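Have a look at the structure below, then the notes.
The values are calculated or read from the model by the stated rules, or taken from the named source; none is laboratory data. Remember, predicted model here, so these are calculated numbers, not experimental data. Cβ: placed from backbone, ideal geometry, glycine included. Neighbour counts: every protein chain shown.
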């Protein structure tokens, strides 16, 4: 029978206990909502972070498994947090979160003690906290969940138990929609160093070079021997540049904001490559690992469709001279190729291969290559002029090229979600109120009838 009580918390529990339970439920719920949302907006970031964890232990999983783990973890955290916040599945949610913390506590303890990764990735790129702070946070959450375990199921719920599956389904649709856009296009919220509107042209007052000198070593090879050099003592041309490497004591979270492009000799050519005039399309390949060869065909098709008189195209590879040569041989690229740090490429745009449109050095938009295929190649087989206009000369046409803006999608999607949840809560509580009124009237009528029968 459907319970009509607005609160299931027995009166024997003092108000202080009820206040503590409510506060813990809300705080822990908000923490998991924020954590899940921050990961969901940027599934690629979680893929990279999970890959870092696995690399430390020497494990290697397929990309599809990493994506599934990324989306699944973010959705689970968001859903548990939202259900805890709403008071749905009151006991099972707490048990599930405790099981999650039973895994996360020893993991974060290991990370704190051994420091295999610089940041746990608990809040994606939105909030970077130290490994020690992460472990302390997880201890506090675990203690709060232990307190909630016997009391949370007695707390008031915003949705009755028989209808709590509805907000769960709505929340699943919402968070998976955000993850889909973040993975297939680009993150709907860009917490990284190169958001849309930022210039990739180096500022004369920028101290990125100082950061680089302090943080990076440059690996060169000569006659089978590799050696790491500082930026102030680079070797002569007889050495071959291999890669840029973070020095001990630094981490990728502190990568300088200045995007550095290098030629095959390792020389900084950013100012020469990034054009201060017109439109420029950067094709970014952060790593040659597990790269789909079919991408080369689509990139070449994209290059052929560009209006060369108004848009230039440049390829940037996260690797060394050998990687550039391999890509050149593989794709028969007719556009210039350069190298950059793989971390910075991933910071600039997400995806195995991504495209970034610049105008006078400023970022106009970003897209993964798969999301561009239908818009630029499959749907424009005739090479008509519309494609050229969308790419180069019509800023207002950019929406037709790369889909709705990130802000528009997030705002509209969130409004729909919030409205749906509000309707569910109001309808649920309105129905309960009507049932309570009906029950009170029926009860009064029955008492009256019983009284009359007794008198007669």
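Step by step: first the residues of the range 294-319, then only those that are touching a helix residue (DSSP H, G or I) at 6+ places or on another chain (Cβ under 7 Å) and in a loop (DSSP other than H, G, I, E, B), then the one that is surrounded by the fewest Cβ atoms within 10 Å (Cβ to Cβ). Which residue is that?
Among those that are touching a helix residue (DSSP H, G or I) at 6+ places or on another chain (Cβ under 7 Å) and in a loop (DSSP other than H, G, I, E, B), it is 310.
Six or more apart or on different chains, Cβ atoms under 7 Å: show the pairs whose first residue is in the range 363-379 and assigned by TED's automatic domain parsing to the domain that holds residue 346 and at negative phi and whose second is at pLDDT below 60 and buried (at least 17 other Cβ atoms within 10 Å of the Cβ).
If the second residue must be at pLDDT below 60 and buried (at least 17 other Cβ atoms within 10 Å of the Cβ), the pairs left are 365/402; 367/402; 375/401; 376/387.
For residue 197, indicate whether it is at positive phi and either touching a strand residue (DSSP E or B) at 6+ places or on another chain (Cβ under 8 Å) or at pLDDT 85 or above (or both).
Numbers: at positive phi: yes; either touching a strand residue (DSSP E or B) at 6+ places or on another chain (Cβ under 8 Å) or at pLDDT 85 or above (or both): yes.
Taking the combined requirement at face value, the residue satisfies it.
Determine the pairs where a residue that is part of a helix (DSSP H, G or I), located within the range 51-62, has a partner that is at pLDDT 80 or above with Cβ atoms under 7 Å apart, the partner being 6 or more residues away or on another chain.
The qualifying pairs are 51/66; 54/61.
Take the residues of the range 122-133 that are surrounded by fewer than 21 Cβ atoms within 10 Å (Cβ to Cβ) and touching a residue at least 24 places away in the same chain (Cβ under 8 Å): which is farthest from residue 75 (Cα to Cα)?
Quick first cut of the range 122-133, residues surrounded by fewer than 21 Cβ atoms within 10 Å (Cβ to Cβ) only: 123, 126-133.
Adding the requirement that they be touching a residue at least 24 places away in the same chain (Cβ under 8 Å) leaves 123, 126-128.
Numbers: 123: 13, 126: 17, 127: 18, 128: 20 Å.
Checking each candidate, the answer is 128.
Could you check how many residues of the range 326-350 are in a helix (DSSP H, G or I) and touching a residue at least 24 places away in the same chain (Cβ under 8 Å)?
If we filter the range 326-350 for residues that are in a helix (DSSP H, G or I), which is where we start, we get 326-331, 342-348.
Of the ones still in play, those that are also touching a residue at least 24 places away in the same chain (Cβ under 8 Å) are 326-327, 330-331, 342-348.
Residues meeting the conditions: 11.
For residue 74, indicate whether it is within 24 Å of residue 170 (Cα to Cα) and surrounded by fewer than 17 Cβ atoms within 10 Å (Cβ to Cβ). Walk me through how you get there before you give the answer.
On the way: within 24 Å of residue 170 (Cα to Cα): yes; surrounded by fewer than 17 Cβ atoms within 10 Å (Cβ to Cβ): no.
In short, no.
Can you tell me which residue among 75, 38 is closer than 19 Å to residue 421 by Cβ and within 13 Å of the chain's Cα centre (by Cα)?
Working: 38 fails: closer than 19 Å to residue 421 by Cβ.
After applying the criteria, what remains is 75.
Residue under question is residue 76, and the condition is that it be in a helix (DSSP H, G or I) and at pLDDT below 95; does it hold?
On the way: in a helix (DSSP H, G or I): yes; at pLDDT below 95: no.
When the stated conditions are applied, residue 76 does not pass them.
Report the residue count in the range 332-362 for those that are surrounded by 19 or more Cβ atoms within 10 Å (Cβ to Cβ) and either out of contact with any strand residue (DSSP E or B) (no Cβ under 8 Å at 6 or more places or on another chain) or on the phi > 0 side of the Ramachandran plot (or both).
Residues in the range 332-362 being surrounded by 19 or more Cβ atoms within 10 Å (Cβ to Cβ) and either out of contact with any strand residue (DSSP E or B) (no Cβ under 8 Å at 6 or more places or on another chain) or on the phi > 0 side of the Ramachandran plot (or both): 5 in total.
Can you name the residue in the range 265-293 that is surrounded by 19 or more Cβ atoms within 10 Å (Cβ to Cβ) and closer than 19 Å to residue 325 by Cβ and, of all such residues, is nearest to the chain's Cα centre (by Cα)?
Filtering the range 265-293 for residues that are surrounded by 19 or more Cβ atoms within 10 Å (Cβ to Cβ) and closer than 19 Å to residue 325 by Cβ, the one nearest to the chain's Cα centre (by Cα) comes out as 286.
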